[in-house]
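The values are calculated or read from the model by the stated rules, or taken from the named source; none is laboratory data. Keep in mind that what you see is a predicted model, and the values were worked out from it rather than measured. Using ideal geometry, Cβ is built from the backbone for each residue, glycine included, and neighbour counts are taken over all protein chains shown. Side chains included, ligands, DNA and RNA excluded: accessible areas come from the protein's heavy atoms. Shrake-Rupley method; radii C 1.70, N 1.55, O 1.52, S 1.80 Å.
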Amino acid sequence: MQVYSKSNLIQKDILRLKNDHSIGFVPTMGALHKGHISLIKKAKETNDIVVVSIFVNPTQFDKKEDLIHYPRTLKGDLKLLEESGCDMVFTPEVSELYTDKIEAEHFNFKGLENQMEGKFREGHFDGVGTIVRKFFQIIQPHHAYFGEKDFQQLQIIRSMVKSLNLPIKIIPCEIYRESDGLAMSSRNSRLTYDQRKAAPFIYKVLKEVQANFQTKSISFLQNFVEERFKQHPILHLEYFTIADEKTLKTAIRKGSTKKYRAFIAVYAGTIRLIDNISLN
Ligand code: AMP
């Protein structure tokens with residue numbers, strides 16, 4: 001496994017290999033867990049070379065505190081990557097990718113960016129678009145892997161690739177969960193013992209919504225979730241939305257031909273957790 005911190009060096013090696021090797025790319029912010037590794041394993045199945053980036057991207061954080069406290073575990077990450085069969089790791093400094101100013105470009109993702117995470121994390125998806133576009137320009141992979149854990153991000157990247165006509169296939173990857181149902185996240189390591197014990201409640205409620213989706217109305221389910229969290233001593237609901245999977249617009253009534261997904265964001269103390277589930 002080769003580790004790079006300079007864009008021109010990794011790009012040179014990838015371009016040399018690209019003609020007769022397929023390149024799979026998995027962007028991450030590090031503090032790797034089994035969820036990330038599942039993306040790498042999937043990339044390994046269909047690509048000759050798997051490239052993973054580790055970069056905590058400052059422009060996608062709306063809260064300075066969250067950026068400062070984001071877990072950084074590079075030594076352990078590199079060990080996990082070596083064991084998972086990753087071929088190349090890209091760990092640039094901030095100054096390598098943001099050469100002038102640490103600033104996001106502005107994107108138009110056709111309204112996808114105005115829903116859910118976009119409403120509650122100002123500028124977040126401009127930051128995501130900025131960094132993923134930079135990575136795509138440097139790595140130029142055939143395939144790029146994104147987790148459904150960040151479903152809105154996945155749809156936004158698909159939209160960006162389409163509008164920029166990039167020759168990159170975006171591969172979605174299922175949410176990887178702890179045995180108690182909590183979606184794996186780098187932020188889980190910051191939960192206190194009591195918060196960690198409470199957190200599987202999020203997935204439990206999503207499963208209840210899924211089980212009742214065919215027979216209950218959307219407004220009933222919306223109320224149901226809000227009530228479930230009102231009584232909770234540790235977890236605080238930021239939003240719960242049932243939305244059309246494609247447009248990500250909040251659904252008011254069910255249409256028979258559409259696919260729906262439930263999306264949730266919850267605070268445990270200052271730690272923000274997100275999750276989602278397919279409903280039909
Ligand atoms: P992050 O390091 O949080 O930016 O995540 C890097 C990639 O891993 C993103 O595409 C995430 O959606 C994906 N990911 C993170 N957690 C999980 C999980 N529990 N299951 C599947 N994919 C995940």
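Here are the numbers:
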{"quantity": "Solvent exposure, largest accessible area first (probe 1.4 Å, DNA, RNA and ligands not counted), of 217, 179, 38", "calculated": "179, 217, 38"}
{"quantity": "Helical contribution to [θ] at 222 nm, DSSP H n ≥ 4, -39,500 (n - 2.57), averaged over the chain, rounded to 500", "calculated": "-11500 deg cm²/dmol"}
{"quantity": "Normalised contact order of the range 126-280, rounded percent, pairs of Cα under 8 Å and 6 or more residues apart", "calculated": "19 percent"}
{"quantity": "Set of aspartates and glutamates near residue 18 by C-alpha distance (under 20 Å), chain-local residues within fewer than 8 positions excluded", "calculated": "45, 48, 87"}
{"quantity": "With all protein chains modelled, accessible area of residue 52 [1.4 Å, Å²]", "calculated": "0 Å²"}
{"quantity": "Cβ charges +1 (Lys, Arg) and -1 (Asp, Glu), total dipole of the chain, debye", "calculated": "640 debye"}
{"quantity": "Between 0 and 90°, nearest 10: helix 151-163 axis offset from the chain longest Cα axis", "calculated": "50 degrees"}
{"quantity": "Amide H within-cut-off set for residue 29, under 5 Å, with H built and near neighbours excluded", "calculated": "55"}
{"quantity": "Simple label model, 7 Å out from Cα along Cβ direction - residue 163 to residue 223, nm", "calculated": "3.8 nm"}
{"quantity": "The range 129-205 pair-distance distribution - Cα-Cα, 5 Å bins, rounded %", "calculated": "3, 13, 21, 19, 12, 11, 10, 8, 2, 0"}
{"quantity": "The range 186-278 - percent relative contact order, Cα under 8 Å, separation 6 or more", "calculated": "29 percent"}
{"quantity": "Electrostatic dipole magnitude of the range 186-278 [Cβ: Lys, Arg +1; Asp, Glu -1; Cα centre; debye, to 20]", "calculated": "220 debye"}
{"quantity": "Residue (of 214, 235, 84) at the positive-pole extreme of the chain, dipole from beta-carbon charges", "calculated": "214"}
{"quantity": "Accessible solvent surface per residue of the range 2-173, calculated while the other protein chains remain in place, 1.4 angstrom probe, Å²", "calculated": "49 Å²"}
{"quantity": "Globularity index of the range 35-85, i.e. its alpha-carbon radius of gyration over 2.2 N^0.38 Å", "calculated": "1.38"}
{"quantity": "Accessible surface of the chain, 1.4 Å probe, proportion on carbon and sulfur as whole %", "calculated": "50 percent"}
{"quantity": "Per-residue SASA entry for residue 82, accessible area with 1.4 Å probe, Å² rounded to 10", "calculated": "110 Å²"}
{"quantity": "10 Å binning of all Cα-Cα separations within the range 181-245, expressed as whole percents from 0 upward", "calculated": "18, 50, 27, 5"}
{"quantity": "About the Cα centre, charge dipole magnitude for the range 141-210 (Lys/Arg +1, Asp/Glu -1 at Cβ), debye", "calculated": "120 debye"}
{"quantity": "Accessible area (Å², per residue) of the range 186-278, counting only protein heavy atoms and a probe of 1.4 Å", "calculated": "52 Å²"}
{"quantity": "Within straight-line cross-link reach of residue 259, aspartates and glutamates at Cα separation under 14 Å, skipping those fewer than 8 residues along the same chain", "calculated": "244, 245"}
{"quantity": "Nearest-10 value in Å² for the accessible area of residue 270, using the 1.4 Å probe", "calculated": "110 Å²"}
{"quantity": "Straight-distance crosslink candidates among lysines, where the alpha carbon sits under 20 Å from residue 162 and sequence neighbours closer than 8 are dropped", "calculated": "110, 134, 246, 249"}
{"quantity": "The range 93-166: trypsin sites (Lys or Arg not before Pro) falling in loop per DSSP and having at most 16 other Cβ within 10 Å", "calculated": "101, 110"}
{"quantity": "Where only alpha carbons of the range 2-173 are counted, the Rg and the Dmax (Å)", "calculated": "15.3, 44"}
{"quantity": "The chain: relative contact order as a whole-number percent, Cα under 8 Å and 6+ apart", "calculated": "17 percent"}
